[in-house]
Amino acid sequence: MPSLLEVRHLNVRYGGVRAVQDVGFTMKEGEWVALIGANGAGKSTTLNAISGVVSYDGDIVFEGVSLRKRKAESIVRTGIVQVPEGRRVFPGMSVLENLELGGYARRREGRMKRNMERVLDMFPRLRERSKQLAGTLSGGEQQMLALGRALMAEPKLMMLDEPSLGLAPLVIDQIFEALTQIRHQRVSILLVEQNAAKALEFADRCYLLETGRVVMSGTAEEMRKNPVVQEVYLGM
Ligand code: ATP
């Protein structure tokens, strides 16, 4: 089966800082892949390169087409949507308005209403609070809104940056439950997590980053059994 996403020899610099160094990985359609690693390992930067919001050397190929020369908005239209760290919902806008903005890139295709219903069916909490200002939602509800907003763009690949950050364990479970449903709708998932235990519980495969480089990769099961991963990242 051809790859959905291929990241080849990715290098990103911020001035003198080499944030990402020769990173390479692949994803197949329908896969759930996790990038794990400590603070500053280069995980967010990798997602930002794929989204087209930072410039890079190397190549990123999605469905056989290079994204190198594409701008962020055109990358969204190819079917790649990022859910940023810290959710970044628009606090002064209602839940529905936030969702409508998520569908903006697809506005000409006339599926806004259908997609909205789908999202509200998936997250009944958002339906109950549809007129509420996003800034007054709880952290977990804001994360659901961020997922819903991403779904409005009809992604083939959804990239998530630390969806569990700052949430209580029970709420984290709800978010991963929602991601499982999203995955069943044939959306591929690229997940960045510091919560390695959670990432390895759900992902199919995993890449471990340290100071900008991929230092280990394997199936989630292989990674869970690795003594280094157990000691350093799973606290066992
Ligand atoms: P975290 O989980 O803390 O976000 P991360 O693995 O996602 O960590 P990145 O955010 O990608 O790591 O950061 C990688 C490196 O690049 C770090 O050394 C960071 O300080 C640096 N960096 C990230 N963004 C910028 C920026 N806009 N300007 C300068 N340096 C940056």
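The values are calculated or read from the model by the stated rules, or taken from the named source; none is laboratory data. In this text, all values refer to a predicted model and were calculated from it rather than measured experimentally. As a convention, Cβ positions derive from the backbone with ideal geometry for all residues, glycine included, and neighbour counts pool all protein chains shown.
Restricting region 95-110 to residues that are small (Gly, Ala, Ser) and touching a helix residue (DSSP H, G or I) at 6+ places or on another chain (Cβ under 7 Å), the residue that is farthest from Leu145 (Cα to Cα) is Ala105. The sole residue among Ala134, Ala168 that is touching a residue at least 24 places away in the same chain (Cβ under 8 Å) and either touching an Asp or Glu at 6+ places or on another chain (Cβ under 6 Å) or crowded, with 20+ Cβ neighbours inside 10 Å (or both) is Ala134.
When residues of region 54-63 are filtered for being under 17 Å from the mean Cα position of the chain (by Cα) and either within 14 Å of the ligand (Cβ to nearest atom) or among the acidic types (Asp, Glu) (or both), how many remain? Going through region 54-63 one residue at a time, the tally reaches 1. Return the residues of region 189-225 that are surrounded by fewer than 16 Cβ atoms within 10 Å (Cβ to Cβ) and of a type outside the set (Lys, Arg); say none if nothing qualifies. The answer is Ala197, Glu201, Glu210, Thr211, Val215, Gly218, Thr219, Glu221, Glu222. Within region 106-121, being aliphatic (A, V, I, L, M) and crowded, with 18+ Cβ neighbours inside 10 Å holds for Met116, Val119, Leu120.
Residues in region 26-48 that are within 8 Å of the ligand (Cβ to nearest atom), assigned to a loop (DSSP other than H, G, I, E, B) and on the phi < 0 side of the Ramachandran plot: Ala38, Asn39, Ala41. The condition (being assigned to a helix (DSSP H, G or I), touching a helix residue (DSSP H, G or I) at 6+ places or on another chain (Cβ under 8 Å) and either more than 20 Å from Lys28 (Cα to Cα) or not hydroxyl-bearing (Ser, Thr, Tyr) (or both)) is satisfied by just one residue among Val53, Val89, Val76: Val76. Summed over region 13-25, the residues that are within 9 Å of the ligand (Cβ to nearest atom), farther than 9 Å from Gly212 by Cα and among the hydrophobic types (A, V, I, L, M, F, W, C) give a count of 1.
Filtering Ser51, Ser66, Ser94 for residues that are hydroxyl-bearing (Ser, Thr, Tyr), surrounded by fewer than 22 Cβ atoms within 10 Å (Cβ to Cβ), at pLDDT 95 or above and within 16 Å of the ligand (Cβ to nearest atom) leaves a single hit, Ser51.
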